[in-house]
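Trainee: Got a structure here, written out as structure tokens. Questions coming.
The values are calculated or read from the model by the stated rules, or taken from the named source; none is laboratory data. Computed from a prediction, not measured in an experiment: that's the story for all the values here. Reconstructed Cβ throughout: ideal geometry from the backbone, glycine too, with neighbour counts over all protein chains shown.
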Amino acid sequence: MIARERAGRNAGWGRAVASLAGARPESFWTSQPGAPDPAPALTGTITADLAVIGGGFAGLWTALLARERDPSADVVLIEAATSGWAASGRNGGFCSASLTHGIGNGLARFPAEMPLLEKLGAQNLAEIGQTIAARGIDCDFSPVGELTVATQPWQLDDLYADTEAARQLGHDAVDLDAAGVRRELDSAAFLGGAWYRDTCAMLDPGRLARGLRRACLEAGVRLYENTRVRAITSDGAALSLATPYGGVRARQAVLATGAYPPLLRRIGLFFVPVYDYVLVTEPLSAAQLASLGWRHRQGAADAGNQFHYFRLTADNRILWGGYDAIYFNGGRVSAAHDQRPETFARLAGHFFRTFPQLEDVSFEYAWGGAIDTCSRFFAFYGTAHAGRVGYACGHTGLGVGASRFAANVVLNLLAGLRTERTGLEMVRSRPVPFPPEPARSAVIQLTRASLAQADRNAGRRNLWLRTLDRLGLGFDS
Ligand SMILES: Cc1cc2nc3c(=O)[nH]c(=O)nc-3n(C[C@H](O)[C@H](O)[C@H](O)COP(=O)(O)OP(=O)(O)OC[C@H]3O[C@@H](n4cnc5c(N)ncnc54)[C@H](O)[C@@H]3O)c2cc1C
């Protein structure tokens, strides 16, 4: 019996590895045709009212909103490579309304503020949809909602408690039993689920980034690409941003550098770069798609501590990512980490276990990217250099939508505005910092191992996780 099981597992491993034979080591989203020519690098010294550093969603939204607020403001956007090449062009494309990395996490931390946070999050998602429509950004924005599925019996109670809380906050969240969830998306692994119908849109992040880049240029943002800002200094009268061939004298600046080494040392205490990995299949045939159901094309994720997320692309491929959330000791962000064969093989194995009806499907893309993870799982905010530099960081794998909200908060902070947004406890407070290395690596790896153990052990959390829970700390992607 044991020998047969092992043989079955080895056959599964063999199938998983074989399915990766043709996988291109790049993001499906950013490898599609139509990439714009890069903007010129900055040479010489220029001046600006506002310099935005980093051309991911956070920076693109910041620059665009700054020009929309004040069309006379001189805004420059400086990107180290090309806009949207990093996390913003590599993610799952789940554009969530949540500003708190999920309702459960928000309720655990800011219960009194949650009705307002959910209202602001819904407004932010609606405004993203409005901007996409108004600016003609063709990015398959579809407000189809999200399925959360239980793959272990212990996940069901929490899952239904979360939908009840969501309903109390006014959301359209539906409980599904095993048959109900399988009517939406068919896998024998799914024991029950929830469909959050109004809290998430699915989109093509590569095309959103290209569209926002174009919108920025049309709105008069001056864009420099292949230009890394090396340092920010202030002489009291203005900021100086040093770049390889010149620099920027700016009245104010926004740091939107995601998981990359921050230009303000204090930010580095509060986040760590965590690598997340994604596979994308070849396009499914009509029969393969029919074998899944998936008529409503929702985004989906399972409810494990180490969770998978999955969705359809416009051309009926499946994007399948998550599970391993890897912190490389020392916390370096490096192109060398973008490919991780052992994670790809594990993800492929899980895919075929979840959807055995797709055993003939191969993967055509495999990539990874760095996420700015903080101990409370959603962004923290601040200013530096006497209020001239604003930043938001720490979106922890849910920044596609929340980065636009953060852009508005940071612009309010720089303008010295006291608004509903800047008054939020969520904005005024900070996550618990990570300890310095080498303790940082030790603590994170212990937490990751404990989460994996809890997943194997019917969700039972060991003493370490229970201690972190009591302190309101965690590790997620
Ligand atoms: C694999 C993966 C899956 C994800 N899935 C989802 C999802 O489904 N839903 C979701 O909401 N979120 C998801 N995320 C997170 C999400 O992609 C980000 O939170 C979001 O795109 C915001 O990114 P950003 O602009 O903060 O960072 P980035 O997109 O990483 O942009 C930062 C930019 O700053 C530039 N930069 C860095 N340093 C400098 C410097 N010194 N000078 C100039 N430029 C600099 C970089 O080149 C980069 O382009 C995922 C992330 C990954 C990696």
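Trainee: If you take the residues of segment 205-220 that are surrounded by fewer than 22 Cβ atoms within 10 Å (Cβ to Cβ) and charged (D, E, K, R), which of them is farthest from the ligand (Cβ to nearest atom)?
Mentor: Filtering first and then ranking leaves E218.
Trainee: Sticking with this one: Please tell me if V280 is surrounded by 19 or more Cβ atoms within 10 Å (Cβ to Cβ) and more than 23 Å from the chain's Cα centre (by Cα).
Mentor: In short, no.
Trainee: Let me ask another. Output the residues belonging to segment 197-255 that are of a type in the set (G, A, S), under 30 Å from V181 (Cβ atoms) and assigned to a strand (DSSP E or B).
Mentor: Within segment 197-255, just A201 meets the criteria.
Trainee: Kindly establish whether H296 is in contact with an Asp or Glu (Cβ under 7 Å, 6 or more places away or on another chain), closer than 29 Å to A173 by Cβ, without any contact (Cβ under 8 Å) to a residue 60 or more places away in the chain and not hydrophobic (A, V, I, L, M, F, W, C).
Mentor: Taking the combined requirement at face value, the residue does not satisfy it.
Trainee: I need the full set of residues from segment 353-363 which are buried (at least 18 other Cβ atoms within 10 Å of the Cβ) and not aliphatic (A, V, I, L, M), in order please.
Mentor: T354, F355, F363, listed by residue number.
Trainee: Please determine, by comparing only the residues of segment 221-242 that are surrounded by fewer than 22 Cβ atoms within 10 Å (Cβ to Cβ) and under 16 Å from G55 (Cα atoms), which one is nearest to the ligand (Cβ to nearest atom).
Mentor: R228
Trainee: Give the residue, chosen from N412, N457, N408, that is among the polar types (S, T, N, Q), within 15 Å of the ligand (Cβ to nearest atom) and either free of Cβ contacts under 8 Å to residues at least 12 places away in the same chain or over 26 Å from G322 (Cα atoms) (or both).
Mentor: Residue meeting the stated conditions: N408.
So that you can scan it fast, the table gives a plain yes or no per residue for (1) at pLDDT 95 or above; (2) more than 14 Å from A300 (Cβ to Cβ); (3) buried (at least 18 other Cβ atoms within 10 Å of the Cβ):
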residue	(1), (2), (3)
D157	no, yes, no
E164	yes, yes, no
R167	yes, yes, no
A179	yes, yes, no
E184	yes, no, yes
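Trainee: Within segment 290-324, which residues are of a type in the set (S, T, Y), surrounded by 20 or more Cβ atoms within 10 Å (Cβ to Cβ) and in contact with a helix residue (DSSP H, G or I) (Cβ under 8 Å, 6 or more places away or on another chain)?
Mentor: Correct list: Y323 only.
Let's see how each residue does on (1) of a type in the set (K, R); (2) modelled with pLDDT under 90; (3) under 24 Å from the mean Cα position of the chain (by Cα):
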{"site": "T419", "(1), (2), (3)": "no, no, no"}
{"site": "T422", "(1), (2), (3)": "no, no, yes"}
{"site": "E425", "(1), (2), (3)": "no, no, yes"}
{"site": "V432", "(1), (2), (3)": "no, no, yes"}
{"site": "L446", "(1), (2), (3)": "no, yes, yes"}
{"site": "L451", "(1), (2), (3)": "no, yes, yes"}
{"site": "L465", "(1), (2), (3)": "no, yes, yes"}
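Trainee: Out of curiosity, is T257 without any contact (Cβ under 8 Å) to a residue 24 or more places away in the chain, more than 30 Å from T148 (Cβ to Cβ) and either within 15 Å of the ligand (Cβ to nearest atom) or of a type in the set (S, T, N, Q) (or both)?
Mentor: Criteria not met by T257.
Trainee: Which members of segment 71-91 meet the condition of being surrounded by fewer than 24 Cβ atoms within 10 Å (Cβ to Cβ) and of a type outside the set (A, V, I, L, M, F, W, C)?
Mentor: P71, S72, D74, T82 - these are the residues of segment 71-91 that are surrounded by fewer than 24 Cβ atoms within 10 Å (Cβ to Cβ) and of a type outside the set (A, V, I, L, M, F, W, C).
To keep it simple, each residue is scored yes or no on (1) within 17 Å of the chain's Cα centre (by Cα); (2) of a type in the set (S, T, N, Q); (3) in a loop (DSSP other than H, G, I, E, B).
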| residue | (1), (2), (3) |
| --- | --- |
| L289 | no, no, no |
| D315 | no, no, yes |
| D324 | yes, no, no |
| Q357 | no, yes, no |
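Trainee: Mind counting the residues in segment 430-450 that are among the hydroxyl-bearing types (S, T, Y) and either touching a Cys at 6+ places or on another chain (Cβ under 7 Å) or without any contact (Cβ under 8 Å) to a residue 40 or more places away in the chain (or both)?
Mentor: 2
Trainee: With respect to A194, is the statement that it is surrounded by fewer than 22 Cβ atoms within 10 Å (Cβ to Cβ) and either away from the ligand (no atom under 12 Å from the Cβ) or hydroxyl-bearing (S, T, Y) (or both) true?
Mentor: No, not satisfied.
Trainee: Now for a separate question. Considering each residue of segment 82-134, count those that are at positive phi and touching a strand residue (DSSP E or B) at 6+ places or on another chain (Cβ under 9 Å), and give that number.
Mentor: Here the count works out to 2.
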